[in-house]
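Here is the structure we will look at, set down as structure tokens.
Please treat every number below as a calculation from the coordinates, not as lab data. All of these numbers come straight from a predicted model, not from anything done at the bench. As a convention, Cβ positions derive from the backbone with ideal geometry for all residues, glycine included, and neighbour counts pool all protein chains shown.
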Amino acid sequence: MYVPTDQPGHLAPGQFERIAKALSDPRRFAVLEKIAAAECECPYQSLCAHFPVSKATISHHLKELVQAGLVDSERDGQFVNARVRPGVVEAYAAELIRRATGGE
């Protein structure tokens, strides 16, 4: 589960691996892209309408993205809104580049 760090731009221990696993599913990555395209908040209902899968499947993908720390979700009555956490995405991308290029 995602544990925030005190340092902006840094990932919590184990978070890099959790994000990599979350993004390894093509449908989950597409859900993340759809949330990001909404620019501020993406209602859960629009995700259900966009993908030809059950609501339970969308809930599972959203839960995995939240647990990886990539997305914040907030309940608003019977609705759930989701938004991408750009700082976490940027920290993940920087760490991926560092690891993939052998950087320090």
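Placing +1 on the Cβ of every Lys and Arg and -1 on the Cβ of every Asp and Glu, with nothing else charged, gives the range 15-99 a dipole about its Cα centre of roughly 280 debye.
What is the percent of Cα-Cα separations in the chain that go past 21 Å? Roughly 33 percent, rounded to a whole number.
Which whole-number percentage describes the relative contact order of the chain, with Cα contacts under 8 Å and a sequence gap of 6 or more? Don't skip to the end; give the middle numbers.
Working: 111 pairs, mean separation 34.0, N = 104.
For the chain, the relative contact order is 33 percent.
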